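Right, one structure below, let's go through it.
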Amino acid sequence: GANVNIKTNNQDEETPLHIVARLGVPELVALYMEQGAQIDALNAYMETPLACAAYWALHYKDQIYSPDHHLICRMLLDYKAEVNTRDEDFKSPLHKAAWNCDHVLLHMLLEAGAEANIMDVNGCAPLQYIIKVTSVRPAAQPDICYPRIYPLQFHKVLQACHSNPRAVEVVVNTYEHIKSTSKWKAAIPNDVFERHKDFYDSLFTVCSNSPRSLMHLCRCAIRAILSERCHRSVPLLSIPLSMKKYLLLEPEGIIY
């Protein structure tokens with residue numbers, strides 16, 4: 001008859017579900033849920049167990065992502081955890097996944113209905129945190145983390161990711177067409193431009209006054225129709241693997 005929702009008598013005020021979500025123990029998450037744990041219980045920082053699991057999915061010392069924490073997030077979402085809760089700093093679980101540059105959780109949360117443009121206490125949307133932390137997340141795959149951003153702010157992607165052309169390529173290809181500005185070249189150090197000259201030459205050639213290719217425009221139209229179902233639906237299509245990769249924006253090292 002133990003109370004599965006009793007909170008710790010310390011400054012964190014965590015429930016047992018918070019603790020096992022934070023520590024990454026999926027077996028105990030299942031046990032506590034079966035015993036009536038409140039799935040959206042709040043700790044002292046207004047965090048739900050889902051928010052805790054999302055934040056602690058990255059082992060900061062080793063910079064390794066935890067499959068157990070990913071599984072816990074999947075379980076909590078399947079148990080109908082609220083995906084857009086906000087903590088005391090108005091950060092959602094998506095903010096926490098973005099801070100970790102965790103592409104697995106970013107896609108999982110977005111497919112579950114997470115709001116991509118929700119602002120925290122600093123006035124930052126999740127995407128802004130991805131841009132900020134890319135350089136200090138060696139295990140991350142930023143090229144599949146970036147959603148589409150407002151064109152006038154694209155130079156910020158170049159400032160953060162100029163050494164990672166794969167990430168730049170993915171973001172550029174989410175637009176039907178985007179025109180370069182003077183801020184773009186200013187954001188790319190000369191040595192980086194020379195090191196990736198073929199890629200950046202293709203970037204500035206494509207992002208001029210000329211329209212993109214018909215094949216690219218068809219890709220944009222298909223992705224727009226599929227919308228949030230894109231990553232689930234494209235692998236199921238009866239088309240060649242190379243075309244599936246093209247639709248999913250897998251980087252090719254050059255833009256055309």
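Rule-based calculations on the coordinates, nothing more; no lab input. Computed from a predicted model, the values in this text were never measured in an experiment. Every residue, glycine as well, gets a Cβ built from its backbone with ideal geometry; the counts of neighbours run over all protein chains shown.
For the set 156/244; 183/245; 156/245; 61/197; 7/61, the pairs lying more than 32 angstrom apart at their alpha carbons are 61/197.
At 0.36 nm per residue, minus the direct Cα-Cα distance, what do residue 238 and residue 221 gain on full extension? Give it in nm, one decimal, please.
That pair, residue 238 and residue 221, stretches by 4.3 nm at full extension.
Each peptide in 9-15, 221-227, 66-72 was scored by the mean count of other Cβ atoms within 10 Å over its residues; highest first, the order is 66-72, 9-15, 221-227. Taking each DSSP H run with n ≥ 4 as -39500 (n - 2.57) and averaging over every residue of the chain yields -12500 deg cm²/dmol at 222 nm.
For region 26-77, rounded, prolate or oblate, judged on the Cα gyration tensor with a ≥ b ≥ c (square roots of eigenvalues), a/c < 1.5 rounded, else prolate if a/b > b/c? It is oblate, given that a/c is not under 1.5 and a/b is not larger than b/c. For region 103-202, the convex hull drawn through the C-alpha positions has a volume of 115 cubic angstrom per residue.
Here the ratio of the Cα radius of gyration of the chain to 2.2 N^0.38 Å is 1.13.
Note on the chain: dipole from Cβ charges, positive end direction compared against 206, 51, 153; the farthest Cα belongs to 206.
Which net charge results when you count Lys and Arg as +1 and Asp and Glu as -1 among the other residues whose beta-carbon is under 10 Å from that of residue 248?
+3
Site pair residue 205 and residue 59 shows an inter-label distance of 4.5 nm when each label is modelled 7 Å from Cα along Cα→Cβ.
State the answer as a single residue: which of 39, 167, 215 lies farthest towards the positive end of the charge dipole of the chain, with beta carbon charges of +1 for Lys and Arg and -1 for Asp and Glu, about the Cα centre. In the chain, that residue is 215. Highest mean packing comes first when the peptides 54-62, 88-96 are listed by Cβ atoms within 10 Å, giving 88-96, 54-62. Charging the Cβ of each Asp and Glu at -1 and of each Lys and Arg at +1, and nothing else, the dipole of region 115-256 about its Cα centre rounds to 160 debye.
Length available on full extension from residue 135 to residue 152: 0.36 nm per residue minus the Cα-Cα distance, which gives 3.9 nm.
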